[in-house]
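**Q** Below is a structure I'd like to ask you about.
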Amino acid sequence: MTAGREPLALGSRTDAGPDRFEFHTADGVAAADAFCPGELLALEHLWDRDLGHLRTVGARYGVVGVVLAERATSVRTTTASARAAALCERNAAENGADAAVELATGLASIDGPTDEPVDTAVFVPRAYTPIEVGTRRIRSALDSMVSGGTLYLAAKPETGLGRYEGALADAATTVETVAERDGWSLLRATESPAADGGRPDPPFDRIDATVDGIDLELVTAPGLFAAGALDDGTRLLAETVTIEDGDAVLDLCCGYGPLAVYAGLSADCDVWATDDDALATAAAERTLAANGVDGRVVTADCTAGVAQESFDAILCNPPTHAGSGVLADLLRGAADVLAPGGRCWVVHHRALDLEDSLAAFGRVETVATGAEHVVRLASD
């Protein structure tokens with residue numbers, strides 16, 4: 001992970017623990033340049049309360065769990081992002097906080113039940129969290145609680161406050177607003193003793209696509225890139241690549257796995273897929289299975305999960321919105337795991353300049369151009 005960003009500092013208002021906390025952040029993790037106001041609002045309301053077993057859902061870089069660790073019996077910080085999980089672990093260690101970090105979707109229908117009942121849960125949805133996923137995480141958090149446990153949710157109208165409040169009203173015994181500031185509201189909901197503990201259905205959908213005469217059955221989920229249909233860039237990349245029998249192939253930033261499954265159906269090859277997002281890899285595993293393709297799916301930041309492997313072909317539709325730091329880490333890692341004589345295909349929007357990020361390769365050429373995208377072939 002590219003270093004260089006100064007950590008964010010937070011003064012302590014507690015008697016226990018350090019006087020000052022420092023949090024490392026990174027490109028690709030929400031609110032990398034400032035603390036999330038919703039998390040700070042939750043901290044100020046909870047810092048002097050009896051929290052019992054605390055669980056944070058959808059953590060960014062561990063602020064809530066780290067600061068409240070001295071006030072809780074135990075802390076489990078949950079995030080679906082491998083990059084965020086690494087930051088949470090680092091920040092817990094460097095601040096001396098006893099907080100376990102779990103890389104998971106936050107959806108009980110996928111992750112399974114929690115190891116121990118939760119007394120207090122905190123959830124501050126990101127602005128781009130799909131409401132459907134957010135409400136499922138609410139239900140999963142409530143189902144993980146002891147009878148009468150408490151869920152705190154911080155949101156503002158732009159992040160779905162009204163709909164989250166409605167979801168809580170449907171699922172919890174009581175819901176009330178306990179704090180407000182700068183447009184943010186902190187809601188407190190108590191778990192219903194009458195809840196049956198049943199897990200909601202997984203949030204997966206299925207779409208069909210045909211690429212170069214090969215039919216694909218793709219398993220998607222709300223919030224994943226191009227969840228409703230195969231995007232033009234990925235299609236252009238699949239139509240451009242050449243996969244040979246015996247190749248070791250990596251679908252890098254796999255999303256729900258369209259490139260991995262296309263490679264596996266077009267040649268007798270060894271298929272790998274990796275993505276930072278645990279929901280994406282859960283969908284990719286199901287995509288491979290639906291098409292009868294054997295492959296290995298890894299949840300990890302950039303190429304960290306496949307760093308010991310070597311690939312003849314790498315296919316990548318990178319998350320160009322994630323920032324230059326993520327792109328630099330991603331493509332430098334791709335160059336490191338590319339076998340001698342290997343090929344790395346990268347698709348991106350025509351208006352985007354990736355020359356600096358692709359500098360890790362010895363040779364880069366444009367091999368296909370679409371209406372909005374180009375495919376670059378990189379080699380050593």
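**Q** Look at the range 119-129 and say how many of its residues are modelled with pLDDT under 95 and either over 18 Å from Val29 (Cβ atoms) or open to solvent by 50 Å² or more (accessible area, probe 1.4 Å) (or both).
**A** Of the residues in the range 119-129, 2 are modelled with pLDDT under 95 and either over 18 Å from Val29 (Cβ atoms) or open to solvent by 50 Å² or more (accessible area, probe 1.4 Å) (or both).
**Q** Inside the range 70-93, can you point out the residues that are modelled with pLDDT of 95 or more and part of a helix (DSSP H, G or I)?
**A** Scanning the range 70-93 gives Ala82, Arg83, Ala84, Ala85, Ala86, Leu87, Cys88, Glu89, Arg90, Asn91, Ala92, Ala93.
**Q** Here is a follow-up. Ala248 - would you say it is touching a residue at least 40 places away in the same chain (Cβ under 8 Å) and in contact with a helix residue (DSSP H, G or I) (Cβ under 8 Å, 6 or more places away or on another chain)? Can you show your working first?
**A** Working: touching a residue at least 40 places away in the same chain (Cβ under 8 Å): yes; in contact with a helix residue (DSSP H, G or I) (Cβ under 8 Å, 6 or more places away or on another chain): no.
Taking the combined requirement at face value, the residue does not satisfy it.
**Q** Contact list please: Cβ distance under 9 Å, first residue in the range 32-59 and closer than 20 Å to Arg126 by Cβ and polar (S, T, N, Q), second residue open to solvent by 50 Å² or more (accessible area, probe 1.4 Å) and modelled with pLDDT of 95 or more, pairs at least six apart or on different chains.
**A** These pairs meet every condition: Thr56/Arg76.
The values are calculated or read from the model by the stated rules, or taken from the named source; none is laboratory data. Worth saying up front: this structure is predicted, and the values here are computed from it rather than measured. For neighbour counting, all protein chains shown are included, and Cβ atoms are generated from backbone atoms with ideal geometry for every residue, glycine included. What goes into the accessible areas is simple: the full protein's heavy atoms, side chains included, and nothing from ligands, DNA or RNA. Shrake-Rupley method; radii C 1.70, N 1.55, O 1.52, S 1.80 Å.
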